[in-house]
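So the structure is just underneath, and the comments pick up after that.
The values are calculated or read from the model by the stated rules, or taken from the named source; none is laboratory data. Predicted model, so just to flag it, every value in this text is computed and none were measured. Backbone-built Cβ (ideal geometry, glycine too); neighbour counts: all protein chains shown.
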Amino acid sequence: MFDIFKMRAEAVNAEVHRFRSGSAALDFVLRFLQKEGVTDNPGSYAVWADCRFLDGADRKQLSEKVPGLKFDFSRETAAESKIGITQMDWAVADTGSLVQDSTAVEQRLASSLPLIHVALAATDRLLADLPSLLTKIGPKESGYMAVITGPSRTADIERVLTIGVHGPERLIIIFVDGPGAMDQ
Amino acid sequence: MKKEFRESINTALQNANLTGALGRFSEAYRTSRARAYEGIDFEALRTRIAELKSYAASHLDMLAETFSQNAEARGAKVFRTTNPEKIKEYIVNVAGENGVRSVVKSKSMASEEIHLNPYLEDHGIHVSETDLGEWIIQLAGQRPSHMVLPAIHMTKEEVAELFSKEVHERLSTDIPQLVKVARNRLRTKFLNAGMGISGANIAVAETGSIVIVTNEGNARLVTTLPKIHIAIIGIEKLVAEFKDIVPILTALPKSATAQLLTSYVSIITGQTPNTDGSMKKLHIILMDNRRTEMANDPRFRQALQCIRCASCLNVCPVFRLVGGHVFGKVYTGGIGTILTAWFDEMKKSEDIQSLCIQCGNCKEVCPAKIDIPELILEIRRRLVKDAGQSITQKAIFYVVNNRRLFHSMLRTASLTQKPFVKGGFIRHLPMFLSDLTELRSLPPIAPVPFRDKFKESSRSKISKKKGKVVFFAGCLIDFAYPDMGNAVVKILNKADIEVAFPEDQTCCGAPARYSGAYEVAGQNAIDNIKALMKEDAQYIVSACPTCTVALKHEFINTFDSLGKNDWLPQAREIAGRAMDFSTFVKKLADEGRLTFKDGALEKSSPLLTYHDSCHMKRTLNVHDQPRELLKKSGFDLVEMFESDMCCGMGGTYSLKLPEISSPILQRKLKNIRSTSASIVAMDCPGCVMQIKGGFDKEGVAIKVMHTAELIEQQIE
């Protein structure tokens, strides 16, 4: 199922990575933030929306490692961020989609305003298709259900596909294997 | 047809940007759409959508009520109205109460329908469209030319010019750079807006949820950043249950943009928190605007099944030439014609409905199974019923229905034009038929019509009779192409079938029907039924797909529309007996009743390409049979690009709108030429007339022939 997901997601310009452990994934994220030049300056922040992956993590220590990485943020901060990190609840293989209960507004701010969206997902939360997804999540559980498939795109000028309009121009998907993968 | 309308067509046809961009898009669309639907049972999917949307259309009131209760239980305010003016007032009031000065909008056709933007601007509220295409259109002060691709008619140069003015900076025509400029410019507007206005693609009664589908991510910002969100939703977007969203979300992106899924699908149920911890004010406006009336009309209710994918625009041979602007203010293309007739005014669709050439491409791809061509004909019928036919039209139908008079008139015309007959074609025709020669040469009228030739020809060529068939000739074979009729008779005789030709048969009624003159078409049907029922034969065979469709379907539909129920049993009887030439002959060959000469064409085996006529391919669903017959006859078949795209004939369409018929024909001729075939075969005498005439005008020596004529020599 992961292979189908990867194929579908990459076909719509997402970048897909997979790690055996949470710590390996965390290392990758931190290196990625540094590589992309995250600094404590407007326009170069990174915002990380609250999620299970962060449970037990020392956020202060992470912010010290990567200055500019913020865990409590306003919409202005999110708008001044280059990177937003969120954890997704489900992934759907046959369309290469990620799904999140985005009722909490910071989840939407972090995944829609920055130029790059880093999306974490547990490999065991990968589902086959849309019908199986709807057995797991629906309007009862979520006031704002977000299904994200690849980065933001348009073809409104001369039918030329252009990536990155109002949403992120890059979508980095990071799968973490193992039961309880999202617990640090 | 109004003069301004004709002018708008000509303006569109001369706009190379528009026709170029639309043409390239529609050519690519077919392939990419097919790829997106790979592995999916499209028929099953669209049957499901048609069922659930049809259920919704029959229960609008109940679903709207359930939706309102469930959405309000989650903190939304639902406002339901039939009156578009009330919607605008409501929005201005909400803006006023909350001190809103600026609004960001994501794409909403419903708001276009009620002309919301100018109203808000008049009330001092600044509106920014945020969908890139819509924003371009807004800056240009234009109207969208396509429901899904609003700015498809504009070039990057024009966009660069517009954006340069907007940001006071000289911009290059680099598209990614232009998109960045839009992102930055609109970002500020998103962050400062007091209200977000969106549409919705689906509204779920069971849960009070709204579903919004976008690619750019603007709807996410519109529904997240401002503290007020107003969603304007046409009540036809309602579905009963949450699970109903699956088939719609499966089909919509594939049909609209050939994507498996759009980048973003947002499912919003009730209030959500704002960034300052307060709860968002969510207003949902359920707009009726004549939708309930439409639901109460048994013929038009199915139009409410539309999911607004615009695939009917993308496959339309006319739309790809003229684009959306000729259609008027809001909805465009096939479904747009129907929606305009209802949401605006039937009368306003008078001109735009005439654009439909009835090729049936849209019906084939519609994910909601709407019979768009049939509904457009129904509009035509109602318009004619209200206003009556023009005198010229009446005269034409009078003549067409009088067989001998029609032939002698055509014949006279043909003879008086003798000096102009060149290479078997008339260059000019007098009287009301003169327009016919504008874009292609016409065949000369046969000196002896088929009906008289048939009398001359002996019926006793059969050794031992094994069945009897009634031959329905139709006007073109009868008067212009009797040789096609002769070929049919010879082939049937070779299978020891006796052919009967009832003298009283007349025009199949298609020209009248496609002009909305259902009374005339109904009379044609009655006359034909009387004539055809006289002969006791198992099959009625026609070598014209349009006539076959009339026999198999349109007699019934016409009686149905006219309420002439007493004729329905006979019409059904005829329908059961009718069969097109190729299907019938293929059946005979399969049964071993016809054999093909061995290696008759072996030495040369000429390269041949096949043109699928609209009625043959899409209404009768016949495409393989003629190809197999031709291959068995020794022809080397090569497929052309878009073999089943209309040739532009469309019966009287080529008379009424030669300026559109001509470029459609040119495209067809080009696709035929590109195959290097020396022969193009088809099963429709109308297509033969159009394509043969086109090549004659061009001076191209490609043979244009009916399948019957090509295979007759090759059958033992």
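Out of A:Ile137, A:Ile157, one residue alone is more than 9 Å from chain B (Cβ to nearest Cβ), in a loop (DSSP other than H, G, I, E, B) and either closer than 26 Å to B:Leu260 by Cβ or modelled with pLDDT of 95 or more (or both). It is A:Ile137. B:Glu161 meets all of the listed conditions (1) among the charged types (D, E, K, R); (2) more than 10 Å from chain A (Cβ to nearest Cβ); (3) in contact with a helix residue (DSSP H, G or I) (Cβ under 7 Å, 6 or more places away or on another chain); (4) farther than 26 Å from B:Val100 by Cα but one, namely (3). Touching a helix residue (DSSP H, G or I) at 6+ places or on another chain (Cβ under 7 Å), surrounded by 23 or more Cβ atoms within 10 Å (Cβ to Cβ), closer than 30 Å to B:Gly39 by Cβ and at pLDDT 95 or above - does that describe any residue in the stretch B:266-286? Taking every residue of the stretch B:266-286 in turn, at least one turns out to be touching a helix residue (DSSP H, G or I) at 6+ places or on another chain (Cβ under 7 Å), surrounded by 23 or more Cβ atoms within 10 Å (Cβ to Cβ), closer than 30 Å to B:Gly39 by Cβ and at pLDDT 95 or above. Of the helices (runs of 4 or more DSSP H) entirely within the stretch B:1-93, those holding at least 3 residues that are of a type in the set (S, T, N, Q), under 25 Å from A:Ala155 (Cβ atoms) and at pLDDT below 95 occupy B:16-36.
If a residue has to be over 19 Å from B:Leu225 (Cα atoms) and in contact (Cβ under 8 Å) with a residue 12 or more places away in the chain to count, how many in the stretch B:86-95 make the cut? Show your work before the answer.
If we filter the stretch B:86-95 for residues that are over 19 Å from B:Leu225 (Cα atoms), which is where we start, we get B:86-90, B:92-93.
Narrowing the set further to residues that are in contact (Cβ under 8 Å) with a residue 12 or more places away in the chain leaves B:87-88, B:90, B:92.
Going through the stretch B:86-95 one residue at a time, the tally reaches 4.
List every residue pair whose Cβ atoms lie under 6 Å apart, where the two residues are 6 or more positions apart in sequence or sit on different chains, the first residue falls within the stretch B:172-192 and is without any contact (Cβ under 8 Å) to a residue 24 or more places away in the chain and facing another protein chain (nearest Cβ under 8 Å), and the second residue, located anywhere, is polar (S, T, N, Q) and not in a loop (DSSP other than H, G, I, E, B). That search, which allows pairs on different chains as well, returns B:Ile175/A:Thr162; B:Pro176/A:Thr162. Is it the case, given these coordinates, that B:Arg220 is within 34 Å of the chain's Cα centre (by Cα), part of a loop (DSSP other than H, G, I, E, B) and in contact (Cβ under 8 Å) with a residue 12 or more places away in the chain? No. Set side by side, the residues B:Val94, B:Val78 differ, and just one is under 26 Å from B:Tyr331 (Cβ atoms) and of a type in the set (A, V, I, L, M, F, W, C), which is B:Val78. Among the residues making up the stretch B:92-119, those that are touching a His at 6+ places or on another chain (Cβ under 8 Å) and buried (at least 20 other Cβ atoms within 10 Å of the Cβ) are B:Ala95, B:Val103.
Among the residues making up the stretch A:138-163, those that are in contact (Cβ under 8 Å) with a residue 40 or more places away in the chain, within 18 Å of B:Ile268 (Cβ to Cβ) and buried (at least 18 other Cβ atoms within 10 Å of the Cβ) are A:Ser142, A:Gly143, A:Tyr144, A:Met145, A:Ala146, A:Val147, A:Ile148, A:Thr149. Look at (1) touching a strand residue (DSSP E or B) at 6+ places or on another chain (Cβ under 7 Å); (2) of a type in the set (Gly, Ala, Ser); (3) within 13 Å of another protein chain (Cβ to nearest Cβ) and you find that A:Ala79 fails only one, number (1).
So is A:Asp129 crowded, with 24+ Cβ neighbours inside 10 Å, within 11 Å of chain B (Cβ to nearest Cβ), among the acidic types (Asp, Glu) and free of Cβ contacts under 8 Å to residues at least 60 places away in the same chain or not? Against the criterion (crowded, with 24+ Cβ neighbours inside 10 Å, within 11 Å of chain B (Cβ to nearest Cβ), among the acidic types (Asp, Glu) and free of Cβ contacts under 8 Å to residues at least 60 places away in the same chain), A:Asp129 does not qualify. Test B:Gly23 against the stated conditions and say whether it is within 14 Å of chain A (Cβ to nearest Cβ), out of contact with any Asp or Glu (no Cβ under 6 Å at 6 or more places or on another chain) and closer than 29 Å to B:Val322 by Cα. Against the criterion (within 14 Å of chain A (Cβ to nearest Cβ), out of contact with any Asp or Glu (no Cβ under 6 Å at 6 or more places or on another chain) and closer than 29 Å to B:Val322 by Cα), B:Gly23 qualifies. Would you say B:Glu206 is surrounded by 21 or more Cβ atoms within 10 Å (Cβ to Cβ), in a loop (DSSP other than H, G, I, E, B) and touching a residue at least 40 places away in the same chain (Cβ under 8 Å)? Considered against the rule, which asks whether it is surrounded by 21 or more Cβ atoms within 10 Å (Cβ to Cβ), in a loop (DSSP other than H, G, I, E, B) and touching a residue at least 40 places away in the same chain (Cβ under 8 Å), B:Glu206 comes out as no. The helices (runs of 4 or more DSSP H) found wholly in the stretch A:1-113 and carrying at least 3 residues that are buried (at least 19 other Cβ atoms within 10 Å of the Cβ) and either touching a Phe, Trp or Tyr at 6+ places or on another chain (Cβ under 7 Å) or not hydroxyl-bearing (Ser, Thr, Tyr) (or both) occupy A:2-11, A:22-35, A:75-79, A:105-112. Would you confirm, using the coordinates I've provided, whether B:Ala50 is in contact (Cβ under 8 Å) with a residue 60 or more places away in the chain and more than 34 Å from the chain's Cα centre (by Cα)? So B:Ala50 fails the test.
In the stretch A:82-110, how many are of a type in the set (S, T, N, Q) and within 29 Å of B:Tyr37 (Cα to Cα)? Walk me through how you get there before you give the answer.
Taking the stretch A:82-110 first, the residues of a type in the set (S, T, N, Q) are A:86-87, A:95, A:97, A:100, A:102-103, A:107.
Now drop any that are not within 29 Å of B:Tyr37 (Cα to Cα), which leaves A:95, A:97, A:100.
Matching residues across the stretch A:82-110 total 3.
Of B:Lys369, B:Lys363, B:Lys385, B:Lys348, all but one fail to be of a type in the set (D, E, K, R), under 14 Å from the mean Cα position of the chain (by Cα) and not in a loop (DSSP other than H, G, I, E, B); the exception is B:Lys363. Reported count of residues in the stretch B:191-235, each being under 15 Å from B:Glu72 (Cα atoms) and touching a Leu at 6+ places or on another chain (Cβ under 7 Å), is 3. Take B:Ile152 and decide whether it is within 27 Å of B:Cys309 (Cα to Cα), assigned to a helix (DSSP H, G or I), of a type outside the set (D, E, K, R) and modelled with pLDDT under 95. For B:Ile152, the condition - within 27 Å of B:Cys309 (Cα to Cα), assigned to a helix (DSSP H, G or I), of a type outside the set (D, E, K, R) and modelled with pLDDT under 95 - is not met. Within the stretch B:662-682, residues that are of a type in the set (Val, Ile, Thr) reach partners that are in a helix (DSSP H, G or I) with beta carbons closer than 6 Å, at six or more positions or on different chains, in the pairs B:Val680/B:Ile672. Of all residues in the stretch B:246-255, none satisfies being crowded, with 23+ Cβ neighbours inside 10 Å, more than 20 Å from B:Ser54 (Cα to Cα), at the interface with chain A (Cβ under 7 Å from one of its Cβ atoms) and at pLDDT 95 or above. Might you check whether a residue that is more than 14 Å from chain B (Cβ to nearest Cβ) and closer than 24 Å to B:Ser263 by Cα occurs anywhere in the stretch A:48-61? There is at least one residue in the stretch A:48-61 that is more than 14 Å from chain B (Cβ to nearest Cβ) and closer than 24 Å to B:Ser263 by Cα.
Looking for whichever is free of Cβ contacts under 8 Å to residues at least 12 places away in the same chain and under 16 Å from the mean Cα position of the chain (by Cα) here; the options are A:Asp27, A:Asp89. Which one fits?
Going through A:Asp27, A:Asp89 in turn, the sole match is A:Asp27.
Against the criterion of being of a type outside the set (Ser, Thr, Tyr) and either modelled with pLDDT of 95 or more or in contact with a Leu (Cβ under 6 Å, 6 or more places away or on another chain) (or both), B:Asn296 qualifies. Each residue in the stretch B:141-155 was checked for being surrounded by fewer than 16 Cβ atoms within 10 Å (Cβ to Cβ) and within 13 Å of chain A (Cβ to nearest Cβ), and 0 pass.
Restricting attention to the stretch B:233-244, the residues being within 9 Å of chain A (Cβ to nearest Cβ) and crowded, with 22+ Cβ neighbours inside 10 Å number 0.
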